[in-house]
Amino acid sequence: MSSYFTDLAQQYIDGEWRQGTGSWDIIDFNPYDDEKLASITIATVDEVDQAYRAAARAQKEWAATNPYARRAVFERALRLVEEREEDIAEAIVAELGGTRLKAAFELHLAKEFLREAVHLALRPEGRIIPSPVDGKENRVYRVPVGVVGVISPFNFPFLLSLKSVAPALALGNGVVLKPHQNTPIVGGSLVAKIFEDAGLPGGLLNVLITDIAEIGDAFLEHPVPKVISFTGSDQVGRHVATVCASLFKRSVLELGGNSALVVLDDADLDYAVDAAVFSRYVHQGQVCMAANRVLVDRVVADEFTEKFVAKVRSLKAGDPRDPETVIGPVINSRQADALTGVVEQALAEGGTALVRGARRENLVEPSVITGLPADSALLQQEVFGPVAFLVPFDGEDEAVRIVNDTPYGLSGAVHTGDIERGVSFAKRIDTGMFHVNDGTVHDEPIVPFGGEKHSGSGRLNGDTMLDAFTTTKWISVQHGRSGFPF
């Protein structure tokens, strides 16, 4: 595993591993013990240009390649991930502070998305559409957009880089990937290494390890990319969307959430507790779909709360390398500081801490807060960490109002003994995704994934990848002679 942090601590541009030419380094730390994993000299604006130009040069021949030949690259990439799974898992634990359970979860999904990319290479189909003009044939082709810029986050970097990179490549595009500064290896150069070893032609995939302090908006504004796929916060997503719109680029935005898990009065409470604890605390709560808010009908609130608190207290926090650990560190000290501030603010507003987790460096133990005032700003925002807010309600209508009372609309779940009641409830919620009798954290490779409101625009997965990374082109053929009015 450690060789990844030495061998891959470089830029990957035009099929070559090389040092960046910036004047400073990004230091890659293990968030649990602060061990220095790698030092990477950043890429400059000039290297952004080189990467995009390389992708544009390589893309034309790649798009013309038989899709069955393209498909073979993804079959090999999948085999390589399977062969190197233990090393990749160790890298996830070291660079993200992800637990063993989280690493296995991320790798399982990454393999599923690579399997889907194998099929996606053959998915584009053309159409012939009737014309009111005699002798005219309307052909509609689905073609690659050209080059896609991908910006991936720190929480599931291997999966969420692959989730855009693999489909974009499978559909005949070139790609330039910028991973998050906290996960440059797992989210960036490791992805490049997998595809290089799988036989992807040089230049098609480029990885830039850099920072906006160095490159500003150059990654977004460069004239080559036609689509920017961004996963991250809604604040940054708004800026990405604004820049892209001003340049007539397409943006695919997978942003934050403030999901709720709702427990109705007829729910299986033991099962609902299990779902709620997982939905809030998986990967330390650093998941866009995580259940920030747990809403419970007042009829069952006391019993649910007692069981929920007991289960949260049982979660082991500590070294993510320990297979028994459920709660590892958050990604950095800034995030840990923010979470400490959230708990302090909740208590200052009159909330009660049923569980108040201690903080040790970047390790933030779980907290459970109840009694927040209904107008608290904390109930409106995304909390990216292991802090749960319990909110009682009286009846379904009030639950719907509370769930929808947020600028976000990504995911959610409802628990009930009546499935159709759950489906009816789900239809009333303003989200892109909602789950009945399950958790809030789900992603499947052929089901449209995305949110409403501040949670993003566009969808990924399955056929929606065609909408994200291809465009349509109309070519008409006039058989015989057309008539003209003059």
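The values are calculated or read from the model by the stated rules, or taken from the named source; none is laboratory data. Just so it is clear, the structure is predicted and the values come from calculations on it, not from any experiment. Neighbour counts are summed over all protein chains in view; Cβ atoms, including those assigned to glycine, are modelled from backbone coordinates with ideal geometry.
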Check: Taking region 459-486 as the search range and keeping residues that are assigned to a loop (DSSP other than H, G, I, E, B) and either in the same structural domain as H108 (by TED's automatic domain parsing) or charged (D, E, K, R) (or both), which one is farthest from V294 (Cα to Cα)?
Finding: R481
Checklist line | Identity of the residue in region 105-151, within 22 Å of the chain's Cα centre (by Cα) and of a type in the set (F, W, Y), that ends up nearest to E75 (Cα to Cα) | finding: F113
Next item on the list: For region 10-19, state whether one or more residues are hydroxyl-bearing (S, T, Y) and over 22 Å from V150 (Cα atoms).
Entry: no
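Going residue by residue through region 110-119, is there one that turns out to be in a helix (DSSP H, G or I) and in contact with an Asp or Glu (Cβ under 6 Å, 6 or more places away or on another chain)?
Looking through region 110-119, at least one residue is in a helix (DSSP H, G or I) and in contact with an Asp or Glu (Cβ under 6 Å, 6 or more places away or on another chain).
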Next item on the list: Enumerate the pairs (first residue in region 142-168 and in contact (Cβ under 8 Å) with a residue 12 or more places away in the chain and assigned by TED's automatic domain parsing to the domain that holds P124; second residue anywhere and part of a loop (DSSP other than H, G, I, E, B) and among the small types (G, A, S)) with beta-carbon separation below 6 Å, excluding pairs fewer than 6 apart on the same chain, so at least 6 apart or on different chains.
Entry: P144/G172; P153/G232; L160/S152; S161/S152
Next item on the list: Residue by residue through region 340-375, note down the ones that are crowded, with 18+ Cβ neighbours inside 10 Å and polar (S, T, N, Q).
Entry: N362, S367, T370
Check: Mind checking which pairs have a first residue in region 46-63 that is in the same structural domain as S23 (by TED's automatic domain parsing) and touching a residue at least 60 places away in the same chain (Cβ under 8 Å) and a second that is polar (S, T, N, Q) and exposed (fewer than 14 other Cβ atoms within 10 Å of the Cβ), Cβ under 9 Å, 6 or more apart or different chains?
Finding: E47/T21
Check: Of W62, W24, W17, which residue is surrounded by fewer than 16 Cβ atoms within 10 Å (Cβ to Cβ), under 21 Å from V207 (Cβ atoms) and not basic (K, R)?
Finding: W24
